[in-house]
Ligand code: C5P
């Protein structure tokens, strides 16, 4: 059972989620639920997927005032998410308040606290787009490192970043800091809208704790075959 690959269930089709998770349940231990799947299945998704042996990463990328994000994260902790993310650009107070809320509700109810991650800069944004759209003079890597350190200072467990930034973050934030990377494309898959990408093997070699792969698996004719190819490649590292 692989512990590093997270399959992004980016679909609002409940039946599709059902058959894909059914065939992957003996091979993969994490699934990612975004807005599409969450709007279809709702909070039952956690017990449903846990019942199949999956951990669930809730990818709703919270970004709001501290009180709202704290309540969102607290509520999703109670519902049973195993990993939750929020935009690190939401600020130190937002991240700290959310982390404290998650810790306190988990303690009160004697349930596990989910892994909390800060999203740095989306993997669909390249250097040119970052500077022109964000009005920033920084390089993406500088901003990613800045946000990763903010997330660490706020007490989050780690960050979501491009595989291209892993070494930089690892060096600055240490071995225990979780680095999860989307923007993963096997050589046989199309990149689509993702820009700062590597192969699964390269991301593992660079030190990713988790890699997220969506379309190359769920749009494949045989999702299990796609997963097995990716895992074979990762094992070669
Ligand atoms: O289909 P694909 O492999 O590109 O899916 C990647 C998944 O990871 C998508 O669900 C996307 O929303 C998510 N994600 C991302 N970049 C981030 C954070 C999350 O691509 N920085």
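The values are calculated or read from the model by the stated rules, or taken from the named source; none is laboratory data. Just so we're clear, the structure is a prediction, and the values are computed from it rather than from any experiment. No Cβ is skipped: glycine too gets one built from the backbone with ideal geometry, and neighbour counts run over all protein chains shown.
Annotations for the structure displayed:
- Test: residue in the stretch 211-225 that is within 8 Å of the ligand (Cβ to nearest atom), out of contact with any helix residue (DSSP H, G or I) (no Cβ under 7 Å at 6 or more places or on another chain) and modelled with pLDDT under 95: no
- Within the stretch 117-150, being in contact (Cβ under 8 Å) with a residue 40 or more places away in the chain, part of a loop (DSSP other than H, G, I, E, B) and more than 22 Å from residue 32 (Cα to Cα) holds for one residue alone: 126.
- Scanning the stretch 153-188 for residues that are assigned to a loop (DSSP other than H, G, I, E, B) and without any contact (Cβ under 8 Å) to a residue 60 or more places away in the chain yields a count of 11.
- Residue match in the stretch 183-194 (condition: more than 9 Å from the ligand (Cβ to nearest atom) and at positive phi): no
- Residue match in the stretch 110-122 (condition: more than 15 Å from the chain's Cα centre (by Cα) and under 30 Å from residue 236 (Cβ atoms)): no
- Counting residues in the stretch 70-79 that are more than 20 Å from residue 44 (Cβ to Cβ) and outside any helix (DSSP H, G or I) gives zero.
- Just so you know, in the stretch 120-140 the residues that are under 19 Å from residue 86 (Cα atoms) and out of contact with any helix residue (DSSP H, G or I) (no Cβ under 6 Å at 6 or more places or on another chain) include one that is surrounded by the fewest Cβ atoms within 10 Å (Cβ to Cβ), and it is 134.
- Scanning the stretch 187-201 for residues that are over 16 Å from residue 129 (Cα atoms) and crowded, with 19+ Cβ neighbours inside 10 Å turns up 189, 198, 199, 200, 201.
- Residue in the stretch 49-57 that is modelled with pLDDT of 95 or more and within 14 Å of the ligand (Cβ to nearest atom) present: yes
- Residue match in the stretch 151-161 (condition: more than 16 Å from the ligand (Cβ to nearest atom), more than 16 Å from residue 57 (Cβ to Cβ) and buried (at least 19 other Cβ atoms within 10 Å of the Cβ)): yes
- Helices (runs of 4 or more DSSP H) wholly inside the stretch 1-68 containing at least 1 residues that are touching a helix residue (DSSP H, G or I) at 6+ places or on another chain (Cβ under 9 Å) and under 21 Å from residue 87 (Cα atoms): 35-41
- Residue 61, sole failed condition from (1) within 18 Å of the chain's Cα centre (by Cα); (2) within 16 Å of the ligand (Cβ to nearest atom); (3) within 20 Å of residue 21 (Cβ to Cβ): (3)
- Scanning the stretch 20-46 for residues that are away from the ligand (no atom under 16 Å from the Cβ), farther than 27 Å from residue 202 by Cβ and loosely packed, with under 12 Cβ neighbours inside 10 Å returns 22, 42, 44.
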